[in-house]
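A short write-up of the structure that comes next.
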Amino acid sequence: MSVKAAVPPDVWVSRGPLATIRVTFSRIITFCLVELQKLSHDRTELFTRAIQPILWLGIFGTTFSRVRAIPTGDVSYLAFMSPGVIAQSGMFVAIFYGIQIIWERDAGILAKLLVTPTPRVALAAGKAFAAGIRSVAIALVVIAFALIIRVDLTLNPLKWLAACGVVMLGSAFFCCLSLCIAGLVLHRDRLMGIGQAITMPLFFASNALYPIEMMPSWVQVLARVNPMSYEVSMLRGLLLGQPTNYLADLTVLIVAGVVGIAVASYLMGRLSR
Amino acid sequence: MDSDAVEIEHLTHVFRARKHAPHIAVDDLSLTVAHGECFGLLGPNGAGKTTTIRLINTLLPVQTGSVRVFGHDVAHHPMAVRALMGYVPQQLSIESALTGRENVEWFARLFDIPRRERRARVDAVLEMMQLTESADRLASTYSGGMVRRLELAQALVNRPALLVLDEPTVGLDPVARDSVWGHVRQMREEFGMTVLLTTHYMEEADMLCDRIAMMNRGRLSALGSPDDLKRAVGPRATLEDVFRHYAGADLNDDSEGGLASVRQGRRTAGRLG
């Protein structure tokens, strides 16, 4: 038997922050690519996941457009709620990534990933943006449906591209929130219960369905600390041309995403034990 | 390289959980694994084998003592250790929504194999594992033996200096088991890699391992070549006799051999059919 054991690569011995950032970006691309490969093999989830937002737009939206109970300025209620439903569809996809990571832990996939030279922060970021990719794919189905039912969304492809980026950022945060809960509860059943308990409050305590000003004051407080409100504001600005503070919205989403990735990567260690 | 492949010194690991007494999973373990050696960790459920593996492959933090892999301290240079390692966990740990080739490519990216080499490396390990013809099929269509071979291909794509196999043939039929053993031997001959494995199959340990460490209740009970261990127990002793001699009727009920572990093993066996 030969004894030509591999020489340990020195590049991995002392890695600085720049190397970690480079690896993190590389891993984000890898996990996004894997997500796209999974989607390409099975597109049914794209459509089944799109059913709920399509029902929100097709039934709830068209009905409330006729009622005219909610002041939405110079746009129809259907147009007003469309960005909210797009954000909601992304959140619903992302929030269940915690269940996926617990499944991956039970199946040994997470252990195998953690034994690759991937810093935990890169693994959390990779998962977060992979959720973003899936959310964007579903958001595009919802946008297509909104255009079919003649919602007056912009047709500017650059604004669509920017909207996809916003959905991705928002979903990355919600995925991290889910990964954090997974790291705390460690069991699928508990996470499913918590996931179902928090998704609707996150949706309703945001400006997705009605302006924040209409809410009771205590709900307004929740809505103003809910990153979904900032995601919806940006989407309304991009898709409907409604005024918003893009810089503030983007800052909140980026800070929420970075904090989410940091906490999720810290808690991910609990899942490996 | 002068150092051994794996050096473990006075390693102790205690699991602490609220409402439960601390559980010593690994108790003052010291051993070395030489370059190019196939080393087996044997013992009853709860002996501390998997905890030891998880300390070596950086999944668990080292509490007391030290572990060095090719001279790299796992506590201080985990990335260097991971870059040198291939790992096949006990569970079926492939992504069934990807093809066999995509599964291997995924890990090639996670090990930072340069793009110009990636395709050739992936093709080479798939061919070695006799999976070339089925490489573009979804992994969900693979048989149990093919899944194990795919996992070996994933673990080998970075040409690891140390291959860690945790119960590599659990749940496999005899033909598939023979195939995995054959591939492990072939890998050692081709790459001269060090192999560290845990198993409950005495025949497997006897055929593959140059040396065996018998563990019980977190401690090292015996260490030596299969022939030495058999001779020490009796003139016509088998490795199963050695196992019974050192494990006795000692049935532990600790975390490693507990319900979760048994359930995991059964799930893997069930999925392998």
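Readers should treat all values here as calculations from the given coordinates under stated rules, not as data from a laboratory. The model shown is predicted, which means the values in this text are computed figures rather than measured ones. With ideal geometry, Cβ positions are generated from the backbone for all residues, glycine too; neighbour counts draw on all protein chains shown.
A few remarks follow.
- Cα-centre dipole for the range B:6-272 with unit charges at Cβ (Lys and Arg positive, Asp and Glu negative), debye to 20: 680 debye
- Placing +1 on the Cβ of every Lys and Arg and -1 on the Cβ of every Asp and Glu, with nothing else charged, gives the protein assembly as shown a dipole about its Cα centre of roughly 1380 debye.
- Working from Cα pairs under 8 Å separated by at least six residues, relative contact order for the range B:163-204 is 62 percent.
- A simple charge model with +1 on the Cβ of Lys and Arg, -1 on the Cβ of Asp and Glu and nothing else charged puts the dipole of the range A:38-135 at about 80 debye relative to its Cα centre.
- Each residue, A:Gln220 and A:Phe204, gets one label point 7 Å from its Cα in the Cβ direction; the gap between the two is 2.0 nm.
- Signed unit charges on C-beta, dipole axis of the protein assembly as shown, positive-most listed residue A:Phe173, A:Thr244, B:Ala80: A:Thr244
- Estimated from the Cβ-Cβ distance and a Förster radius of 60 angstrom, the FRET efficiency linking A:Trp103 and B:Arg231 is about 0.80.
- Residues whose amide H falls under 5 Å from that of B:Gly86, counting only those 5 or more places apart or on a different chain, are B:Leu162, B:Leu163, B:Val164, with hydrogens built in the peptide plane.
- Unit charges at the beta carbon, dipole of the range B:6-272: most positive-side option, B:Leu110, B:Val164, B:Ala232: B:Leu110
- Peptides A:139-147, B:8-16, B:75-83 ordered by packing proxy, namely the average of other Cβ atoms within 10 Å per residue, highest first: B:75-83, A:139-147, B:8-16.
- Inter-chain neighbour count for B:98-105: the average number of beta-carbon atoms from partner chains within 10 Å of each residue's beta-carbon is 2.
- Overall form of the range B:170-210 per C-alpha gyration tensor (a/c, 1.5; a/b vs b/c): oblate
- Counts of other chain beta carbons within 10 angstrom of each beta carbon in peptide B:71-82 average 4.
- Size descriptors for the protein assembly as shown, from the alpha-carbon set: Rg then Dmax equal 26.3, 94 Å.
- Paramagnetic label zone (point 7 Å from Cα along Cα-to-C-beta, B:Arg185; backbone N under 17 Å) in the range B:122-149: B:129-130
- Qualifying aspartates and glutamates (Cα of each under 16 Å from Cα of A:Lys38; at least 8 residues distant if same chain): A:Glu104, B:Glu95, B:Glu102, B:Glu105, B:Asp136
- Counted residue by residue at 0.36 nm each, then reduced by the alpha carbon distance between them, the extension gain from B:Glu203 to B:Ser143 reaches 19.3 nm.
- Placing dummy labels 7 Å off each Cα toward the beta-carbon, the span from B:Thr12 to B:Asp73 is 1.9 nm.
- Between A:Ile102, A:Thr63, A:Val136, the Cα set farthest toward the positive side of the dipole of the range A:1-153 (charges on each charged residue's Cβ, about the Cα centre) is that of A:Ile102.
- Cα convex hull of the range B:6-272 - mean projected area over all directions, nm²: 14.4 nm²
- Value at 222 nm in deg cm²/dmol, rounded to 500, when DSSP H runs of n ≥ 4 in the protein assembly as shown each add -39,500 (n - 2.57): -18500 deg cm²/dmol
- Spin-label model distance (nm) - A:Glu213 vs A:Leu33, 7 Å beyond Cα toward Cβ: 4.9 nm
- Length gained when the stretch A:Ala144-A:Asn156 is fully extended (0.36 nm per residue, less Cα-Cα span): 3.0 nm
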